[in-house]
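Remarks on the structure that follows.
The values are calculated or read from the model by the stated rules, or taken from the named source; none is laboratory data. Predicted model, so just to flag it, every value in this text is computed and none were measured. FYI the Cβ positions are ideal-geometry reconstructions off the backbone, even for glycines, and counts take in every protein chain you see. The area values use the complete protein model at the heavy-atom level, side chains included, leaving out ligands, DNA and RNA. Shrake-Rupley method; radii C 1.70, N 1.55, O 1.52, S 1.80 Å.
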Amino acid sequence: MIKKDAHLILEITDLHASVEDQPILQGVNLQIRAGEIHAVMGRNGSGKSTLSKIIAGHPAYTVTSGEVKFQGKDILNMEPEDRARAGVFLGFQYPVEIPGVSNLEFLRVATNSRRVEMDEEELDTFAFEDLVNEKLKLVQMDPIFLERSVNEGFSGGEKKRNEILQMALLQPIVSILDETDSGLDIDALRVIAAGVNQLNTPYSATLLITHYQRLLNEVIPDFVHVMSSGKILRTGGKELALELEEYGYDCVEKPSNNKEVN
Amino acid sequence: MADYRQWLNSLPEPNGVLKNLQTQGRASLANLGMPTNTLEEWRLTDLNCLQKILNLPLYKPNRDYLDEEKQKEWAQRPKNGFRLVIDSQTNPLEDINLPNGIRPLTSAEVEKLLVQRSNQYSSSRNWQVAINNATATNFLALKIEGQNLPPLELIMQSDSGAFIPTRIALIVEDKTKLNLLQVALGAANSAQSHLVEIYLGKGAELNHGLIAFGIEEANMIANLFVEQKTSSHYSFTSVQHGWSLSRLESLIVQTNGHANTTLKGLQVSSKKQQIATHSRVKFEGPQGCLEQLQKSAATDNSHCIFNGSIQVPQLAQKTNAAQLSRNLLMSNRARIDTKPELEIIADDVRCTHGATISQLQEEEVFYMRSRGITTEQATSLLLKGYCKEILDNLPVESHRWEILDKLLKSVKR
Amino acid sequence: MESQTAVGKVVSQAYKYGFVTDIETEKIPKGINEETIHLISAKKEEPEFLLNFRLKAFNQWKKMQEPNWANLGYPEINYQDIIYYAAPTEKNKKSSLEEVDPKLLETFDKLGIPLSEQKRLSNVAVDAVFDSVSIATTYKEKLAEHGVIFCSISEAIKEYPDLVEKYIGSVVPVSDNFFAALNSAVFSDGSFVFIPKGINCPMDLSSYFRINSGDIGQFERTLIIAEEASSVSYLEGCTAPMFDTNTLHAAVVELVALDEASIKYSTVQNWYSGNEQGIGGIYNFVTKRGQCRGKKSKISWSQVETGSAITWKYPSCILQGEESIGEFYSVALTNNRQKADTGTKMIHVGANTRSTIVSKGISAGHSSNSYRGLVQMGPKAYGARNFSQCDSMLIGDQAAANTYPYIRSQQPQAKIEHEASTCRISEDQLFYLQSRGIGFEEAVSMMVSGFCRDVFNQLPMEFAAEADKLMALKLEGSVG
């Protein structure tokens, strides 16, 4: 939903970043306003996953120049947990398996830390279980997964559901979903997409990172950005995704076709 | 060395049912001498602690030390379970009605066992076995049979200022199912030497847990010997924590292959402690399975050691063995040594081992932080999880032991 | 053969380098004592510092015990029954290749290492060592234009004594181990390489070691120094005739890499390995060690070990400089009664140092093939990383594959990962290849070569092809 006067949630300006001295992002500009759904598309290695990790504050990446502002405030010097508490959520492409740590406990500690930030009451074990059981329905997840270790032995689809469950619990202001559609069959994809759509509000925004069109059939983006070699080459509406599907990334990446990004 | 001889000479005259073993053990000790760091298996051991063990007087028979204060640490007696308190010289079966299916070996059976065994698991090359043989005077030997047996709990509590050796043999008959929990508790300035032999019959299933918790100046050396017949399942979960020196040696033999072995170990060391596990699994027949996961976490100035050997001779075709040694090094004054070993002759086998030493996984910490959890909280959750992955394998009855919660609370970066 | 299974028949084609060159050889009497050391030193007209170096080593050696920890069980070596110096007789000192005895040139021709101007390898400079002495070094002048020194170590001792004195024994001290001490006392020849600051050596350098006499021990010594921001790739090859006695080969190789220097050291070792019953063959007890002294320096060992009756060899890296890199890529193939105990030591001293170990062991026949390695993170190795992968392949059910990794860390911010696995060539895989029309032996050889691919990829091009062929030859008939 595009509203020109909606407030800016995320503002990325001329962002350059590297990992182990290897430059990956080479000047990314992106503005996301409340209520909007954006999609960043690109080939493997175009830098789109790096972008998502930098917004969340992954320590392996070094920002060499540029700015990332979240609700008007530069967040690049914030710890990852402080960003998460402030309302930045990253749905991982490969959710990490953490043997021995109970999923339920993990979800509760995370949820409570966000609730404290939002001036909401911390939930005790019982209240939290009520909340989590309600949210489970959203992603059609079996409560049995709460008893297991975080993501351990989960199938690809189950891991992604667990990500969206976390999103539902943390009520983020901006959700960045990194290849959330990868490895999902069509039914699971629909469940995830329905969850994302339900969680989208006029006060929050979503950034989908993907290289397939199919997720975008389910979650309709307001803007589509094409990324290549660490830059956003082109920005358009949802029809751009269809164009990519039909003609491939070449038609965007060839210099003659490039339009200025504004 | 002079002290060592003196110590040997100070031992009481061989006596009791283990008389012959005592004589043999002492001869072995005289022959082997004190271990030195030039020997591969003693390369990393803190020999000062070992020496301290020998400076302690051998335990004298009375149970005064089992005062209420000590017993407070113990968990409630299991509801339908069965508890024995083991030490060197008092009879653990005194005033006890053994449940159906469990009986002591007759003296003829004991005799036979000792003769058969002494060759197989000999003191002549193993110092820890020799120490135990040389000193242990009491022998708890049980024959166990049945499918609906109550869980068996064995407590070894050490006495301050004393050295306690214990020796146990369990003959688990064909198709028997049993949960066994061994708890070794250290007292200040004490030492224990344990030797447990277990014979698993065909199709028998034993879930064996060892909780070994020491405190400062408490030392433990322990040996476990297990022989598995075909179709048996043996699962051993050990937790070692808090000893000045703890050294657990285990030898598991699948006599004809076709059996399952699961070994899970956790060692958590802090201060100046040294915690070590030396395990060896031998497949003497085809189609054996082993799954082994050994974890350690070392903080402060402590030292964790793991040496895990897997032997697959020619007749052990189609063995499937996987061993993993995962280690957390949490202080820059601590040290971890690990040495997973494979010795393979059979060609149609699947054997793997892996070892890692590191801090907590950065990706795991980041994942949690990206959900708003602080580094400290994440660390503590991860460490708890790290330990729980092993603790969850203990027989269920173990979880009555609150010391396990203490362990979880005590592991910190 | 013993094994009845489809995969697991024979081994070994005849050793094609087993001929003896009939050449007049000057040998000193058997045995070792202080006089022997003086004699060797005098024959080589060495400066005093080197004689002292030798004597010091000899005195250390006398106090040392022969190691037995690898539990390999070989008959006791009588060190007084070995000739410590043998050289083709030369009337006058040769000043050019044309004066080298044609028989020697012919020998190296036969070994596939032509030394003469017309035929020599175009992109590789060769130092050829025959028994105890270096007989020729090619492309010396061309290399000199770049300031690169490549010559026999005897020549270096005379021509560049300051360099030799500064570096010799600085990586492998004379008392390091029994065989290194012996080598330091009696080494006869070997190669010397010096790459000056900022120079990328314009061609690969290579030494070829040939043992010809049956009763001598070969004790070569190699010293490679790469100054700041220089680089070199060095290749080493070895063969020996077939004798039914065991010959001792105890070499020492020292590498020094200063800031941002890089040394790549590749070996194809094909000493005579004895016959099927395990009679004869070389005892290959070698100390190879490199020191990454400078920051961002790199030392990379790659080896293909197929020969020798017994091999003990642990090419190692001391990673002292910050961000320095150590690598070890190894293929060890054993057959018949061969015993190989090989691996590496990666000693991480400096911060952010990295090491990679890839070891592939293939055991066939009644042989025994062990990986033994040490990875150590010292207290100052902040941010250091190691990854090790040790795989074994067993062919037949009489061969042994052992893995003994020693892993130690004293630095929480360092990370060590070790993986090992054992496999064999499965019937399914073979069947799949055969059903596509690939012959049985070829299929096996493809599988073995695939198993070793990660290591072969690290070898210089000429070597990679040779290694592949060598493996195929060694395994010929071992399967089936």
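So A:K231 fits all but one of (1) open to solvent by less than 50 Å² (accessible area, probe 1.4 Å); (2) of a type in the set (K, R); (3) in contact with a Gly (Cβ under 7 Å, 6 or more places away or on another chain); what number is the exception?
Only one criterion in (1) open to solvent by less than 50 Å² (accessible area, probe 1.4 Å); (2) of a type in the set (K, R); (3) in contact with a Gly (Cβ under 7 Å, 6 or more places away or on another chain) is unmet by A:K231, namely (1).
Taking the stretch B:388-413 as the search range and keeping residues that are of a type in the set (K, R) and either in contact with a Phe, Trp or Tyr (Cβ under 9 Å, 6 or more places away or on another chain) or assigned to a helix (DSSP H, G or I) (or both), which one is surrounded by the fewest Cβ atoms within 10 Å (Cβ to Cβ)?
Going through the stretch B:388-413, the residues of a type in the set (K, R) turn out to be B:388, B:400, B:406, B:409, B:412-413.
Subset that is either in contact with a Phe, Trp or Tyr (Cβ under 9 Å, 6 or more places away or on another chain) or assigned to a helix (DSSP H, G or I) (or both): B:388, B:400, B:406, B:409.
Numbers: B:K388: 18, B:R400: 16, B:K406: 13, B:K409: 10.
Filtering first and then ranking leaves B:K409.
Would you mention how many residues in the stretch B:78-119 are exposed (fewer than 12 other Cβ atoms within 10 Å of the Cβ) and either free of Cβ contacts under 8 Å to residues at least 60 places away in the same chain or at positive phi (or both)?
10
For residues in the stretch C:307-321 being modelled with pLDDT of 90 or more and part of a loop (DSSP other than H, G, I, E, B), which is most open to solvent (accessible area, probe 1.4 Å)?
Per the criteria, the residue is C:Q320.
Quickly run through the stretch A:77-112 and pick out the residues that are surrounded by fewer than 24 Cβ atoms within 10 Å (Cβ to Cβ), of a type in the set (G, A, S) and more than 7 Å from chain B (Cβ to nearest Cβ).
A:A86, A:G87, A:S102
Taking the condition of being within 7 Å of another protein chain (Cβ to nearest Cβ), within 28 Å of the chain's Cα centre (by Cα) and in a loop (DSSP other than H, G, I, E, B), how many residues in the stretch B:352-383 meet it?
Final tally of qualifying residues: 1.
Name the one entry in A:L131, A:L136 that is of a type in the set (A, V, I, L, M, F, W, C) and open to solvent by less than 10 Å² (accessible area, probe 1.4 Å).
On the way: A:L131 fails: open to solvent by less than 10 Å² (accessible area, probe 1.4 Å).
Only one candidate passes the filter, namely A:L136.
Considering only helices (runs of 4 or more DSSP H) fully contained in the stretch B:1-98, which possess at least 3 residues that are under 21 Å from the mean Cα position of the chain (by Cα)?
B:47-55
For the stretch A:209-228, which positions are open to solvent by less than 30 Å² (accessible area, probe 1.4 Å) and in contact with a Ser or Thr (Cβ under 9 Å, 6 or more places away or on another chain)?
Result: A:I209, A:T210, A:L215, A:L216, A:V219, A:P221, A:V224, A:H225, A:V226, A:M227, A:S228.
So C:G378 passes all but one of these: (1) without any contact (Cβ under 8 Å) to a residue 40 or more places away in the chain; (2) closer than 25 Å to B:R350 by Cβ. Which condition number does it fail?
Here C:G378 clears every test but (2).
Return yes or no: is C:I395 open to solvent by less than 40 Å² (accessible area, probe 1.4 Å), facing chain B (nearest Cβ under 8 Å) and more than 24 Å from C:G326 (Cβ to Cβ)? Working first, answer last.
Values: open to solvent by less than 40 Å² (accessible area, probe 1.4 Å): yes; facing chain B (nearest Cβ under 8 Å): yes; more than 24 Å from C:G326 (Cβ to Cβ): yes.
Here the answer is yes, as C:I395 does meet what is asked.
How do the pairs read when you match residues in the stretch A:184-208 that are surrounded by fewer than 17 Cβ atoms within 10 Å (Cβ to Cβ) with residues anywhere that are in a strand (DSSP E or B) and not β-branched (V, I, T), using Cβ under 6 Å and keeping only pairs 6 or more apart or on different chains?
none
Cβ-Cβ below 6 Å, separation at least six or inter-chain, first residue in the stretch B:9-23 and open to solvent by 70 Å² or more (accessible area, probe 1.4 Å), second aromatic (F, W, Y): which pairs?
From the stretch B:9-23, the pairs are B:V17/B:F139.
Here are some residues: C:V331, C:V304. Which one is within 20 Å of C:I211 (Cβ to Cβ) and either in contact with a Pro (Cβ under 6 Å, 6 or more places away or on another chain) or buried (at least 22 other Cβ atoms within 10 Å of the Cβ) (or both)?
Answer to the check: C:V304.
Being under 24 Å from B:D337 (Cβ atoms) and either more than 11 Å from the chain's Cα centre (by Cα) or assigned to a strand (DSSP E or B) (or both) is true for just one of B:N256, B:N219, B:N207. Which residue is that?
Just a single option satisfies the conditions, and that option is B:N219.
Could you grab me the full set of residues in the stretch A:1-36 that are of a type in the set (A, V, I, L, M, F, W, C) and either assigned to a loop (DSSP other than H, G, I, E, B) or open to solvent by 10 Å² or more (accessible area, probe 1.4 Å) (or both)?
Of everything in the stretch A:1-36, those that are of a type in the set (A, V, I, L, M, F, W, C) and either assigned to a loop (DSSP other than H, G, I, E, B) or open to solvent by 10 Å² or more (accessible area, probe 1.4 Å) (or both) turn out to be A:M1, A:I2, A:A6, A:L8, A:V19, A:I24, A:A34.
Out of all the residues in the stretch C:273-301, which are open to solvent by less than 10 Å² (accessible area, probe 1.4 Å) and of a type in the set (S, T, N, Q)?
Selection gives C:N284, C:S297, C:S300.
In the stretch B:265-278, what residues are open to solvent by 10 Å² or more (accessible area, probe 1.4 Å) and either under 11 Å from the mean Cα position of the chain (by Cα) or under 23 Å from B:S122 (Cβ atoms) (or both)?
Across the stretch B:265-278, the qualifying residue is only B:H278.
Any idea how many residues of the stretch A:60-83 are among the aliphatic types (A, V, I, L, M) and under 16 Å from A:K231 (Cα atoms)?
Final tally of qualifying residues: 2.
Counting only residues that are more than 14 Å from every other protein chain (Cβ to nearest Cβ), of a type in the set (D, E, K, R) and under 15 Å from the mean Cα position of the chain (by Cα), which one in the stretch A:161-191 is nearest to A:I54 (Cα to Cα)? Explain how you work it out, then say what you get.
If we filter the stretch A:161-191 for residues that are more than 14 Å from every other protein chain (Cβ to nearest Cβ), which is where we start, we get A:161, A:179-191.
Now narrow it down to the ones that are of a type in the set (D, E, K, R): A:161, A:179, A:181, A:185, A:187, A:190.
After this cut, where a residue has to be under 15 Å from the mean Cα position of the chain (by Cα) as well, the list is A:161, A:179, A:181.
Details: A:R161: 23, A:E179: 15, A:D181: 20 Å.
So the residue we want is A:E179.
More than 8 Å from every other protein chain (Cβ to nearest Cβ) and β-branched (V, I, T): which single residue out of B:V396, B:V349 fits that description?
B:V396
Determine if the stretch B:189-203 includes at least one residue that is part of a loop (DSSP other than H, G, I, E, B) and buried (at least 22 other Cβ atoms within 10 Å of the Cβ).
Among the residues of the stretch B:189-203, not one is part of a loop (DSSP other than H, G, I, E, B) and buried (at least 22 other Cβ atoms within 10 Å of the Cβ), which makes the answer no.
Could you list all residues from the stretch B:323-346 that are more than 7 Å from chain C (Cβ to nearest Cβ) and in a strand (DSSP E or B)?
Answer for the stretch B:323-346, where residues must be more than 7 Å from chain C (Cβ to nearest Cβ) and in a strand (DSSP E or B): B:Q323, B:L324, B:S325, B:R326, B:N327, B:L328.
Write out, first by first residue and then by second, each pair whose Cβ atoms fall under 8 Å of each other, whose residues are 6+ apart or on separate chains, and whose first residue, in the stretch C:405-430, is more than 7 Å from chain B (Cβ to nearest Cβ) while the second is surrounded by fewer than 17 Cβ atoms within 10 Å (Cβ to Cβ) and not in a loop (DSSP other than H, G, I, E, B).
Pairs found: C:C423/B:R350; C:L430/C:F440.
Looking at B:S410 and the list (1) more than 7 Å from every other protein chain (Cβ to nearest Cβ); (2) over 30 Å from A:V116 (Cβ atoms), which single condition is not satisfied?
Just one mismatch for B:S410, condition (2).
Filter the stretch C:351-366 down to residues that are touching a Gly at 6+ places or on another chain (Cβ under 9 Å) and surrounded by 23 or more Cβ atoms within 10 Å (Cβ to Cβ) and give me whichever is farthest from C:P405 (Cα to Cα). Write out each step before concluding.
To start, the set of residues in the stretch C:351-366 that are touching a Gly at 6+ places or on another chain (Cβ under 9 Å) comprises C:351-357, C:359, C:363-366.
Checking the rest, the ones that are also surrounded by 23 or more Cβ atoms within 10 Å (Cβ to Cβ) come to C:353, C:355, C:357, C:359, C:363-365.
Numbers: C:T353: 19, C:S355: 15, C:I357: 11, C:S359: 11, C:S363: 18, C:A364: 22, C:G365: 24 Å.
Within the stretch C:351-366, the match that is farthest from C:P405 (Cα to Cα) is C:G365.
State the number of residues belonging to the stretch C:377-392 that are surrounded by 24 or more Cβ atoms within 10 Å (Cβ to Cβ) and more than 21 Å from the chain's Cα centre (by Cα). Before the answer, list the steps.
So the first thing to find is which residues in the stretch C:377-392 are surrounded by 24 or more Cβ atoms within 10 Å (Cβ to Cβ), and the list is C:377, C:381, C:384, C:386, C:388, C:390, C:392.
Add one more test, that the residue is more than 21 Å from the chain's Cα centre (by Cα), and what stays is C:377, C:381, C:384, C:386.
Going through the stretch C:377-392 one residue at a time, the tally reaches 4.
Within the stretch C:245-272, take every residue that is among the charged types (D, E, K, R) and farther than 21 Å from C:T344 by Cα and give me the one that is surrounded by the most Cβ atoms within 10 Å (Cβ to Cβ).
The selected residue is C:E260.
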